[in-house]
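Chemist: Dropping the structure in here first, questions after.
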Number of protein chains: 2
Amino acid sequence: MSIDTSLPADSVGVVAARSAHFAAPLTLKSGAVLPGFDLMYETYGELNAARSNAVLVCPALSGHHHAAGVRADDPSNVGWWDNLIGPGKPLDTRKFFVVGVNNLGGCHGSSGPISANPETGRPWGADFPLVTVEDWVAAQSRLADLLGIDAWAAIIGGSLGGMQAMAWAIECPTRVRHAVVIASAPKLTAQNIAFNDVARQAIITDPDFHGGHYYEHGTLPRRGLRLARMLGHITYQSDDLMAEKFGRRLRAGGRKFSYEVEFEVESYLRYQGDKFAASFDANTYLLATRALDYFDPAGNAGGDLTAAFAPVRADFLVVSFSTDWRFAPSRSREIVDALMRNRRNVSYAEVESSAGHDSFLLDDPHYHALLRAYFDNITV
Amino acid sequence: MSIDTSLPADSVGVVAARSAHFAAPLTLKSGAVLPGFDLMYETYGELNAARSNAVLVCPALSGHHHAAGVRADDPSNVGWWDNLIGPGKPLDTRKFFVVGVNNLGGCHGSSGPISANPETGRPWGADFPLVTVEDWVAAQSRLADLLGIDAWAAIIGGSLGGMQAMAWAIECPTRVRHAVVIASAPKLTAQNIAFNDVARQAIITDPDFHGGHYYEHGTLPRRGLRLARMLGHITYQSDDLMAEKFGRRLRAGGRKFSYEVEFEVESYLRYQGDKFAASFDANTYLLATRALDYFDPAGNAGGDLTAAFAPVRADFLVVSFSTDWRFAPSRSREIVDALMRNRRNVSYAEVESSAGHDSFLLDDPHYHALLRAYFDNITV
């Protein structure tokens, strides 16, 4: 019996991650220089002869290169955007060559705080330099070079992934034909930054954090990372969805007059927090939330998003979700308006969904039909 | 020079807190029995001969008995609702006898986790029993007895304070003539409970918490309480107000590529967190947020708020604020609708304000004019 036979026909099947090493130093936006780096990636489908059918999938805050299919060593480990990517799925791997990537600073095999600093041989820890969305694009563009992809047919991402798609279209206008920006924003609001700061302070003030050098101390700031994720989950979901899923339901036994788990929503949040804290790296979480804070292409253009988008040549699909209060539809419309003022081709859809920000990861039929139609129309 | 001469004419002036001891045991909703207790309170104005002009001010999460005027020992310590209470102010102390109270379980002198457990002589700590909004009403009603107040002309509160006003109207219908419920809700949503749970987990998982017995360990769970307050502050303000007050402004020097304070909103939040953590008790915070979670008068009436309000005899003024997403206007309308179905006299106003939940503490002219008119019409 092979694992493959149990997989649905529209799965990309068993996938193997690859690692690419880039020896040339990379100068980051901060001025720091990274002495070469590794990126983990996965690919699904085949690059065509014209090399015109490649699609880059940019990860969100906790995303990585394993976007579709299953791991050979763990058939239960399904890619985070598997409902979107596969033969016959909206992002159809019979047509497209799809690339998933773990970003610089990540904790899934790419160079980052848990990987070895070549100068010391020990984990970088807090010494890994802070990176920006534009730095991620620069690193990803080296991966494109390696794969022989001059221009992406499309770059797609949700949330922080959408920011990478925007940054690609600005920084490398001739290398992106279509940008698909989902549940994203042209920059964070003060409220977004505030939530990120609480999450970071939870990690940094955890006594097990040791200034980010917890690997050397044999500790992990699990409490802080757990709190950060619990808080994140509240903002990823809509008030309505939480009401629908959990309401004020008490677990068996009613009020216990304690601080133990009593309401079902507490059980859900703590479970999500524990799971994440056991599998994600706190330094990566810090670094990725700071990249979110800093992203502000208009800031580099005197506050004018239209001016920031002036170099863009790509066509855009922008999608938002009605109950997403973290990156509200109004934020997507800012992107659309600035692109329209640059006379770019932009399609925009505000999808009715009760699931809040997390909607971008779900297979809502309306949403997926929209993506399918858009990808179907891309010539390769 | 006396301190009084520097106070504005509409201040209640220098006030002294008083402590009342209640020797009879109090059976709490949890079943626990509190062997007598103390309540701290302040009064402003004079009780009239008919004892018909008393107004109870119920505190919100971090509120206490010092609602108006200044402390003799610290003229800068102005009461938390001083803009509302005083001679000539909307809640006019020339007409009304106003009572501020620190609730059971509080940390400002009333019996609570930091006060001595009479059985051991040591602070109660985590052994102080959890209390509900209804328990607070029961304790406050003993204070009313002591002060010779058979019926309050009005009971007013914002947020958690509004819940106490509702509970009074339900539990002691003949003792409340008017209930003024501001920026409140008939029960928390799953999202509200989720935010509370993150705040509590921040405190409980702080290594200095020691299961709530930190006094004995000579520690304080400051990190956790600071995080709880930072998170609270985000939910007390509107997205718009944060954008207006802080936007994405960076402090001097621009991006530092660090996790230090860079954005002004971070500076504000951390300051608020530090200040609160230095002055408030973590066990009280836990207890008060659990009282918030548990409040659900409809839950005691088969989920039917109209049935829960059936005993009510008081007239109501219900006020909400347009940008309050913690206790949104729709939640106030639930209260109004249920009271209307009971044919109660209810006035309702949704005040336009950019300040979110915190609006109830501010002196918005429209809001204060409304309260003034309502109190002016109360006969004493």
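The values are calculated or read from the model by the stated rules, or taken from the named source; none is laboratory data. Nothing here was measured: the structure is a model prediction, and the numbers come from that model. All Cβ positions, even for glycine, are placed from backbone atoms using ideal geometry, and neighbour counts span all protein chains on display. Heads up: the accessible areas ignore ligands, DNA and RNA and are worked out on the full protein's heavy atoms, side chains in. Shrake-Rupley method; radii C 1.70, N 1.55, O 1.52, S 1.80 Å.
Chemist: In the list A:Ala154, A:Ala165, A:Ala190, which residue meets the criterion of being more than 17 Å from the chain's Cα centre (by Cα) and of a type in the set (A, V, I, L, M, F, W, C)? Before you say what the answer is, go through the steps one by one.
Modeler: On the way: A:Ala154 fails: more than 17 Å from the chain's Cα centre (by Cα); A:Ala165 fails: more than 17 Å from the chain's Cα centre (by Cα).
Answer to the selection: A:Ala190.
Chemist: Which one is least open to solvent (accessible area, probe 1.4 Å) among residues in the stretch A:172-201 that are part of a helix (DSSP H, G or I) and among the basic types (Lys, Arg)?
Modeler: Applying the filter and picking the extreme gives A:Arg200.
Chemist: What single numbered condition from (1) more than 30 Å from B:Gln237 (Cα to Cα); (2) modelled with pLDDT of 95 or more; (3) away from every other protein chain (no Cβ under 14 Å) fails to hold for A:Gly162?
Modeler: Answer for A:Gly162: the failing condition is (1).
Chemist: Looking at the stretch A:252-284 only, could you name the residues that are touching a residue at least 12 places away in the same chain (Cβ under 8 Å), under 30 Å from B:Pro297 (Cα atoms) and in contact with a Leu (Cβ under 8 Å, 6 or more places away or on another chain)?
Modeler: A:Glu262, A:Phe263, A:Glu264
Chemist: Could you go through the stretch B:256-276 and let me know if any residue there is at positive phi and either open to solvent by less than 50 Å² (accessible area, probe 1.4 Å) or more than 9 Å from chain A (Cβ to nearest Cβ) (or both).
Modeler: Among the residues of the stretch B:256-276, at least one is at positive phi and either open to solvent by less than 50 Å² (accessible area, probe 1.4 Å) or more than 9 Å from chain A (Cβ to nearest Cβ) (or both), which makes the answer yes.
Chemist: Taking the condition closer than 27 Å to A:Val133 by Cβ and not hydrophobic (A, V, I, L, M, F, W, C), does A:Ser30 pass?
Modeler: Here the answer is yes, as A:Ser30 does meet what is asked.
Chemist: Going by what's in this entry, would A:Leu225 be described as more than 10 Å from every other protein chain (Cβ to nearest Cβ) and crowded, with 24+ Cβ neighbours inside 10 Å?
Modeler: Answer is yes for this residue.
Chemist: Please tell me if A:Gly218 is open to solvent by 40 Å² or more (accessible area, probe 1.4 Å), more than 9 Å from every other protein chain (Cβ to nearest Cβ) and out of contact with any Asp or Glu (no Cβ under 7 Å at 6 or more places or on another chain). Reasoning before the result, please.
Modeler: On the way: open to solvent by 40 Å² or more (accessible area, probe 1.4 Å): yes; more than 9 Å from every other protein chain (Cβ to nearest Cβ): yes; out of contact with any Asp or Glu (no Cβ under 7 Å at 6 or more places or on another chain): yes.
When the stated conditions are applied, A:Gly218 passes them.
Chemist: Might you check whether a residue that is more than 20 Å from A:Thr235 (Cβ to Cβ), surrounded by fewer than 24 Cβ atoms within 10 Å (Cβ to Cβ) and within 9 Å of chain A (Cβ to nearest Cβ) occurs anywhere in the stretch B:234-244? Steps first, please.
Modeler: Step one: filter the stretch B:234-244 for residues more than 20 Å from A:Thr235 (Cβ to Cβ), giving B:244.
Next cut, surrounded by fewer than 24 Cβ atoms within 10 Å (Cβ to Cβ) only: B:244.
Adding the requirement that they be within 9 Å of chain A (Cβ to nearest Cβ) leaves B:244.
Yes, that holds for at least one residue.
Chemist: What's the total number of residues in the stretch B:189-207 that are farther than 12 Å from B:Ala228 by Cβ, in contact with a helix residue (DSSP H, G or I) (Cβ under 6 Å, 6 or more places away or on another chain) and more than 7 Å from chain A (Cβ to nearest Cβ)?
Modeler: Number of matching residues: 0.
Chemist: In addition: Would you mind telling me which numbered condition in (1) at pLDDT below 95; (2) open to solvent by less than 50 Å² (accessible area, probe 1.4 Å); (3) more than 7 Å from chain A (Cβ to nearest Cβ) B:Arg248 fails?
Modeler: All conditions pass for B:Arg248, except number (3).
Chemist: Sticking with this structure for a sec: Scanning for something over 22 Å from A:Phe276 (Cβ atoms) and either among the charged types (D, E, K, R) or open to solvent by 10 Å² or more (accessible area, probe 1.4 Å) (or both), does the stretch A:154-170 turn up at least one residue?
Modeler: From the stretch A:154-170, those over 22 Å from A:Phe276 (Cβ atoms) are A:154-156, A:165-170; that's our starting set.
Now drop any that are not either among the charged types (D, E, K, R) or open to solvent by 10 Å² or more (accessible area, probe 1.4 Å) (or both), which leaves A:170.
Yes, because at least one residue in the stretch A:154-170 is over 22 Å from A:Phe276 (Cβ atoms) and either among the charged types (D, E, K, R) or open to solvent by 10 Å² or more (accessible area, probe 1.4 Å) (or both).
Chemist: Taking the stretch A:105-130 as the search range and keeping residues that are touching a strand residue (DSSP E or B) at 6+ places or on another chain (Cβ under 8 Å) and within 14 Å of another protein chain (Cβ to nearest Cβ), which one is farthest from A:Val70 (Cα to Cα)?
Modeler: Among them, the one singled out is A:Pro129.
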